[in-house]
Amino acid sequence: MNAYEETLRGVQWVLDNCTSYQVAKDLNINARTVNRYQNGETPVGNMKAETMGLIYNYYLDKFGHIFKAIEGIENRSVELTNDDPDFHEVDYADGPTSEFIIHTVEGHDDLEVFFAERDFVKKIKQQIYDGDTEELNHEEMELNEYADRFNYDDVVAYRVDDGEINWI
């Protein structure tokens, strides 16, 4: 990815995940300008270089360390702590419960990352929910380690300082 694409990615992330009020207030720019980019009224590619630079630097200052850590986790250059992981469940009215494993990131004690269950585990849970198969315990599924059950190749969410969960 070249520098322009990286800048666009960061700017787009801010536009997609922050309110125009928050960005305008923090950067001392017009909220209506930010809102025009957010709602597609003005293409991001037409953004003034100065505005793009402000928003990209805002992204780096506020969120860059998080995404660098996540990228490092996914390419195995950043380690997870050896602490016992935590778990998070999401209940659905029309499907089985999704379970996520949560780890703290080595060197980033304020950052927790979430990993989803592997596809085959989700499929078995759906079959159980649909009544197509009997309930199985983890031993019957031959899931001996967390890595057997959870996909450590993709971070699906993160949380900073026990704040809100941010789904990726």
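Extents of the chain, taken as max minus min of Cα coordinates on every principal axis and listed largest first, are 59, 37, 30 Å. Lysine pair count for the chain (Cα-Cα distance under 27 Å; residues 8 or more apart in sequence or on different chains): 5.
Longest segment of the chain with no trypsin sites (Lys or Arg not before Pro) in a DSSP loop having at most 11 other Cβ atoms within 10 Å? Please list the in-between numbers first.
Details: sites that count: Lys48, Arg76.
Result for the longest clean stretch: 77-168.
Helix 119-130: angle to the longest alpha-carbon principal axis of the chain, degrees 0 to 90, nearest 10? Once rounded, the angle reads 60 degrees. Once both axes come from the Cα atoms, what is the angle between helix 3-17 and the longest principal axis of the chain, in degrees from 0 to 90, rounded to 10? Tilt relative to the chain: about 70 degrees.
Listed peptides 40-47, 98-105 appear in the order 98-105, 40-47 once ranked by packing, highest mean of other Cβ atoms within 10 Å at the front.
No value in this document is a laboratory result; all are computed from the given coordinates. Model, not experiment: these values are computed from the prediction. Using ideal geometry, Cβ is built from the backbone for each residue, glycine included, and neighbour counts are taken over all protein chains shown.
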